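Accompanying notes for the structure given below.
The values are calculated or read from the model by the stated rules, or taken from the named source; none is laboratory data. Owing to the predicted nature of the structure, the values given are computational and were not obtained by experimental measurement. A quick note on method: Cβ atoms are made from the backbone with ideal geometry, for glycine too, and the neighbour counts reach across all protein chains shown.
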Amino acid sequence: MRALNNDNAVETSFLVPEQWQSMTAGAFSASCVAEAAAFLIAFDQDADYDSANFHWFRERLPRFVYIDRIVVDQRHRGAGLARALYEDLFARMRDAGHDVVGCEVNLIPPNPGSDAFHARMGFTEMGRAALPGQEKTVRYFSKYLSG
């Protein structure tokens with residue numbers, strides 16, 4: 001899975017083995033689809049996770065799950081894997097009493113596929129930020145599971 005992450009580092013970020021291990025060990029949910037076709041990593045508000053995007057949500061929401069990254073291998077896109085991973089996460093969230101999920105999507109560089117996916121999944125924009133020290137601007141999205 002780390003190789004799939006690193007193949008998509010423009011959208012996510014490059015991770016060395018120690019970073020990958022720490023990230024997955026501290027996640028609320030770290031799930032994957034067989035044969036390394038797709039994965040999702042998410043954290044809840046109590047995570048010890050140092051990410052500007054995670055902290056953006058922490059400053060605004062008292063209780064949430066933050067999707068840090070979801071990656072689907074190029075060969076498997078359009079097969080419903082991202083939707084399946086999100087639905088699995090939503091079920092885990094409901095079981096744990098969570099009702100709001102957040103994520104960010106790159107505005108610069110653009111990620112139109114992710115924009116369209118999140119719109120179909122019912123996410124709405126909460127805000128935007130230019131990330132310090134990076135050539136990225138992101139839009140923050142959220143979805144309330146209770147409607």
Practice problem: Output the number of the condition that GLY113 fails; it satisfies all remaining conditions of (1) modelled with pLDDT under 95; (2) under 21 Å from PHE14 (Cβ atoms); (3) not in a helix (DSSP H, G or I). | Solution: (3)
Quiz item: In the stretch 97-147, which residues are touching a residue at least 40 places away in the same chain (Cβ under 8 Å) and aromatic (Phe, Trp, Tyr)?
Solution: TYR140, TYR144
Quiz prompt | Subset of the stretch 127-137 [touching a Leu at 6+ places or on another chain (Cβ under 9 Å) and at pLDDT 95 or above] | solution = ARG128
Self-check item: Evaluation of THR24 against (1) in contact with a Leu (Cβ under 9 Å, 6 or more places away or on another chain); (2) closer than 25 Å to ARG60 by Cα; (3) part of a helix (DSSP H, G or I) (one fails), failing number
Solution: (1)
Quiz item: Which one is nearest to ILE108 (Cα to Cα), of the residues in the stretch 11-23 that are of a type in the set (A, V, I, L, M, F, W, C), more than 14 Å from the chain's Cα centre (by Cα) and surrounded by 11 or more Cβ atoms within 10 Å (Cβ to Cβ)?
Solution: PHE14
Quiz prompt | Complete set of residues in the stretch 16-28 that are aliphatic (A, V, I, L, M) and closer than 22 Å to GLN45 by Cβ | solution = MET23, ALA25, ALA27
Self-check item: Of residues in the stretch 116-147 being part of a helix (DSSP H, G or I) and surrounded by 12 or more Cβ atoms within 10 Å (Cβ to Cβ), the one farthest from the chain's Cα centre (by Cα)
Solution: ALA119
